[in-house]
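What follows is a single structure, written as C-alpha cells, with notes after it.
Bear in mind these aren't lab numbers, they're just calculated from the coordinates by the rules spelled out. Not measured: the values here are computed from a predicted model. Cβ placement follows ideal geometry from the backbone for every residue including glycine, while neighbour counts extend to all protein chains displayed.
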Amino acid sequence: MSIKEQIVGFRKSVQPATLVAVSKTKPIEDLMQAYEVGQRHFGENKIQEMTQKWEQMPKDIQWHMIGNIQRNKVKYMAPFVHLIHGVDSLKLLKEINKQALKNNRVIDCLLQIKIAQEDTKAGLTVDQATELLESNDYKELNNVKLIGLMGMASFTKDTEQIKREFMLLKNTYDIFSKQHKDWTTLSMGMTGDHKIAIQCGSTMVRIGSAIFGSRNYA
Ligand SMILES: *Cc1c(COP(=O)(O)O)cnc(C)c1O
C-alpha cells in the first residue's frame with residue numbers, strides 16, 4: 001500500500017485518537033505524500049532533523065518531538081515544536097520553559113512514564129512523576145504546560161504483558177488528570193502495539209514503519 005493509503009487507513013482506524021505519523025529518517029518527499037492527504041501531525045526523534053524538515057515544509061504542520069532530548073538542543077525546536085512527548089526530568093522542563101519564554105510561547109509537553117521491563121526505555125516512575133507535578137519548581141514554570149503522559153511498552157510478543165503496561169499508564173493518567181483537569185493527551189501505541197493501546201484508552205498513537213516502510217536506522 002502507498003503512504004497515502006496507509007495514512008488514510010490509519011487515521012480512520014485509530015479515531016478518535018490522533019495519528020502522529022512518525023517520519024524519522026524519511027525524506028521530505030515521503031512526508032509530503034502524507035501531507036497531501038491531509039496529515040498534519042508528524043513525529044521526529046532528532047531535534048536537528050525535525051528542524052531541517054520544519055524549515056523546508058509547509059508551516060501548518062504540527063511537529064512532535066518523540067525522542068530522547070539533549071537539553072542543549074531544545075533552543076532549536078523552541079520556536080515551532082507543537083508537543084514534546086519525552087519529558088523525564090524537571091531539569092529538562094526548566095530548559096524548555098526558558099527557551100519557550102525567549103520565543104514568547106507556551107510549549108505543551110507530556111511526561112514520559114517508564115512502563116516497560118527493559119532498562120533501555122526512558123521515563124519517570126509514577127512516584128517521580130507525582131513528585132514533579134507537586135513540586136513548587138514545576139508550578140513556577142509559566143511557559144511550559146504539561147497536558148498528559150507518554151509511554152512505550154516492552155518490545156515483546158506477549159500481548160498480555162503489553163496490555164498490563166498500557167493499563168498501568170492509563171490508570172496513572174486517570175489519577176493525575178483528576179488533579180489536572182486540563183489534561184488531554186495519553187500518547188501510547190506504535191506500529192506493533194497500537195491496537196492494544198487504543199483498547200487501553202490511548203488518545204494519540206505514534207506510527208512510523210507501517211506508514212513509511214521500515215527504517216535502516218532509527
Ligand atoms: C520510532 C518511534 C515510534 C514509531 O515506531 P514504529 O514501530 O515505526 O511505528 C513511536 N514512538 C517512538 C518514541 C519512536 O521512537
Original post:
Within the set K73/K178; K94/K139; K26/K53, which residue pairs have Cα atoms separated by over 22 Å?
Top reply: K73/K178
Subject >> Contact order normalised by residue count of the stretch 1-77, Cα under 8 Å, 6+ apart, percent >> reply: 28
Original post:
From a point 7 Å beyond the Cα of V37 in the direction of its Cβ, which residues of the stretch 184-209 have a backbone N at a distance under 19 Å?
Top reply: 190-192, 194-195, 205-209
**OP:** Starting from the Cα of R164, step 7 Å along the direction of its Cβ; do the same at Q179; then give the gap between the two resulting points in nm.
**Re:** 2.6
Subject >> Mean projected area (nm²) of the alpha-carbon convex hull when the stretch 107-170 is viewed from all directions >> reply: 4.7
**OP:** Pop a pseudo-label 7 angstrom from the Cα along the beta-carbon direction at both S209 and E131 and give the gap in nm to one decimal.
**Re:** 3.5
Original post:
On alpha-carbon atoms, Rg over Rh for the chain using Kirkwood Rh?
Top reply: 0.95
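When only DSSP loop residues count, what trypsin sites (Lys or Arg not before Pro) in the stretch 143-188 have their Cβ near at most 11 other Cβ atoms within 10 Å? Walk me through the numbers before you get to the answer.
Details: sites: K145, K157, K163, R164, K170, K178, K181; in loops: K157, K181.
Filter output for the stretch 143-188: K157, K181.
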Subject >> Average Cα contact separation per residue, the chain, under 8 Å, 6 or more apart, as relative contact order % >> reply: 20
Original post:
Which whole-angstrom value gives the distance between the alpha carbon centres of the stretch 30-69 and the stretch 156-216?
Top reply: 21
